[in-house]
1. Just give me the residues in the range 161-181 being open to solvent by less than 60 Å² (accessible area, probe 1.4 Å), outside any helix (DSSP H, G or I) and within 15 Å of Arg108 (Cα to Cα), in sequence order.
2. Among all residue pairs at least 6 apart or on different chains, which show Cβ distances below 7 Å where the first residue, located in the range 66-89, is without any contact (Cβ under 8 Å) to a residue 24 or more places away in the chain and the second is small (Gly, Ala, Ser)?
3. What's the number of the condition Gln220 fails, among (1) within 24 Å of Glu95 (Cβ to Cβ); (2) not in a loop (DSSP other than H, G, I, E, B)?
4. Considering every residue within the range 123-144, establish whether at least one is among the aliphatic types (A, V, I, L, M), buried (at least 19 other Cβ atoms within 10 Å of the Cβ) and outside any loop (DSSP other than H, G, I, E, B).
5. For residues that are within 17 Å of Glu297 (Cα to Cα) and β-branched (Val, Ile, Thr), scanning just the range 15-39, find the one that is modelled with the lowest pLDDT.
6. Could you run through the range 200-216 and say how many residues are open to solvent by less than 50 Å² (accessible area, probe 1.4 Å) and in contact (Cβ under 8 Å) with a residue 12 or more places away in the chain?
7. Could you check how many residues of the range 88-101 are under 16 Å from Arg118 (Cα atoms) and either in contact with a Ser or Thr (Cβ under 8 Å, 6 or more places away or on another chain) or surrounded by fewer than 24 Cβ atoms within 10 Å (Cβ to Cβ) (or both)?
8. Just to be sure I understand, how many residues within the range 130-170 are under 24 Å from Met92 (Cβ atoms), among the charged types (D, E, K, R) and within 24 Å of the chain's Cα centre (by Cα)?
Amino acid sequence: MSSRGMVIATRRDVAARFCESLDACDPQVVRLPGIRDTGVRESLGMQLAESVRRVQYVEVIAERDISSRRCDPDDVMFDPVRAAIVCRRQGMFDEACWLVFLFVHFGRHVRWGWSYARAVYGRCGDGRRWDWQSTSADPAAFRAWLGANQDSVRTYNGGGGFGNHRKYESLDAHSNRGTGAAVETYVQWVVRWHGHRALFQQAVDSAGGDKGVAFDSLYQSMDGVISFGRMAKFDYLCMLGKLHLACVEPASPYIQSSTGPLYGARLLFGSELSPGQLNEMTARLATHLGVGMQVLEDALCNWQKSPECFTPFRG
């Protein structure tokens, strides 16, 4: 069954099918010593089902009508992913990609939601925007504004913060690792190719149309984007692919440079394997299960937190 079909089925039905697929996995193709116990195997099956729903939700909302309020950072309904979908529909390609960057950079805070993205994109409600055109035209001005308004960003609409996966990042405008540097180096990465479309198309053309090779090319080229490590690059490029902004899809889970997914892979496949071997085994298992790399990477990361008992993780 495809990932899309899994979205329609109930979570427990999907989990049961994953458990059947795990049971049927040929040990000559990929050994799974970490799930010999039924409870552990069922826990992984549930995490896989959760990940399918989480990763595929964009496909669902991309088919729906989206309120214009989702695009307005002065509105509590603002949502950078839905706003990116609207921009893509309206032919605002660069703006859609910029919103994806803001979505990944700031993340969604468990309590304050998109507060940081709203505050920055909407300049703390002053009626103007740090949209792609204004930010890319003068990233130094953006950093100056952020430096003068960091306290306002932190307290905008009652409070704010980075999302769980970004909780160690900095809002600082002038440090070498803060948001100011992240935005400026992202702009540099894109404008070198005179826009997102040309940047992504060059990667696809150089890869001969191979989505996995194009993904890897862009992944490697993002090394210069400050604060975008393995997870941020992976999530950003996966979202571009799901929104049809770039013809890319990961052919590798890139777990050799991860923490949670790498530990999950060691639990599943064996701690004696090298990171490179674990990366290969994860890719083989994804093929066997019929899921994308993002689904399996996400499931392994959450499963390793509670392998013996399924616990949903919403952060």
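1. Gly161, Phe162, Gly163, Glu169, Ser170, Leu171
2. Listed by first residue and then by second, the contacts come to Arg70/Ala83; Cys71/Ala83; Met77/Ser67; Cys87/Ala96.
3. Here Gln220 meets the rest and fails (1).
4. Looking through the range 123-144, none of the residues is among the aliphatic types (A, V, I, L, M), buried (at least 19 other Cβ atoms within 10 Å of the Cβ) and outside any loop (DSSP other than H, G, I, E, B).
5. Among them, the one singled out is Val30.
6. Total satisfying the criteria: 7.
7. Final tally of qualifying residues: 2.
8. Summing the residues that are under 24 Å from Met92 (Cβ atoms), among the charged types (D, E, K, R) and within 24 Å of the chain's Cα centre (by Cα) in the range 130-170 gives 1.
The values are calculated or read from the model by the stated rules, or taken from the named source; none is laboratory data. The structure presented is a predicted model; accordingly, all values stated were derived computationally and were not measured. Reconstructed Cβ throughout: ideal geometry from the backbone, glycine too, with neighbour counts over all protein chains shown. Quick note on the areas: whole protein, heavy atoms, side chains included, nothing else; ligands and nucleic acids left out. Shrake-Rupley method; radii C 1.70, N 1.55, O 1.52, S 1.80 Å.
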